[in-house]
Amino acid sequence: MNTKYQDIISRFPDYMKKLTDDSPVLPYELENIPKRGIYVFYENSKPIYVGRSKNLKQRFRQHRQQSSGHNSATFAFMIAKMDAEKVGVDIKRTREELQNDSVFSSIFSKTKKRVSEMQVQVLQMDDPIEQTLFEVYAALELKTEYNNWETH
């Protein structure tokens with residue numbers, strides 16, 4: 001097995017401990033948010049989504065802003081699609097078509113508000129390879145319900 005890969009994954013249990021040691025907070029309550037790293041969204045004290053970013057402040061803003069579209073509020077968009085399907089919205093359309101649908105747009109707006117009220121935990125992680133691998137590892141360890149490894 002590749003030694004660099006082995007070295008990276010050997011650190012994951014320690015990273016996981018660091019990521020989950022502190023209590024989750026609202027994104028704007030993070031005092032010294034790192035520039036880049038891994039984040040976990042929590043709802044009702046349950047981890048539901050793991051993401052990664054090279055600019056955490058900007059990413060949290062994108063997730064929460066009502067003005068964010070389908071390309072920037074991707075987590076909210078994914079949840080909105082699930083909720084929309086439950087009420088009979090045809091979600092097999094393009095992202096643009098969904099965003100322009102009045103019923104879907106209303107659901108998407110409510111979902112962005114919901115995401116803005118979620119708490120987060122963050123872990124500074126600068127290396128993009130480590131981020132990529134750890135995102136999957138953390139999602140599996142935390143059993144997050146919204147991480148989906150399908151491409152769109």
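Observations on the model:
- Inter-residue pairs, beta-carbon under 6 Å, first surrounded by 12 or more Cβ atoms within 10 Å (Cβ to Cβ) and in segment 86-98, second charged (D, E, K, R), 6+ apart: Ile91/Lys81; Ile91/Glu85
- When the test is whether a residue is closer than 20 Å to Ala139 by Cα and surrounded by 13 or more Cβ atoms within 10 Å (Cβ to Cβ), Ser53 passes it.
- Test for Ile33: is it β-branched (Val, Ile, Thr) and farther than 14 Å from Leu142 by Cβ: yes
- Positions within segment 100-121 being surrounded by 15 or more Cβ atoms within 10 Å (Cβ to Cβ) and either over 25 Å from Val40 (Cα atoms) or of a type in the set (A, V, I, L, M, F, W, C) (or both), in sequence order: Asp101, Phe104, Ile107, Phe108, Val115, Met118, Val120
- Exclusive hit being closer than 23 Å to Leu26 by Cβ and over 15 Å from the mean Cα position of the chain (by Cα), set Ser109, Ser68: Ser109
- Of all residues in segment 39-67, those satisfying the criterion of being under 21 Å from Pro128 (Cβ atoms), touching a residue at least 40 places away in the same chain (Cβ under 8 Å) and in a helix (DSSP H, G or I) are Leu56, Phe60, His63.
- Cβ-Cβ under 7 Å pairs, at least 6 apart or on other chains, segment 116-128 side touching a residue at least 60 places away in the same chain (Cβ under 8 Å), far side polar (S, T, N, Q) and outside any loop (DSSP other than H, G, I, E, B): Gln121/Thr20; Met125/Gln131
- Flag for Arg59 being at negative phi, at pLDDT below 85 and charged (D, E, K, R): no
- Test: residue in segment 25-39 that is over 21 Å from the mean Cα position of the chain (by Cα) and on the phi < 0 side of the Ramachandran plot: no
- Odd one out for Ala84, checked against (1) under 24 Å from Phe134 (Cα atoms); (2) in contact with a helix residue (DSSP H, G or I) (Cβ under 7 Å, 6 or more places away or on another chain): (1)
The values are calculated or read from the model by the stated rules, or taken from the named source; none is laboratory data. Quick caveat, the model's predicted, so the values are computed rather than measured. Heads up, the Cβs are rebuilt from the backbone with ideal geometry, glycines too, and the neighbour counts pull from every protein chain shown.
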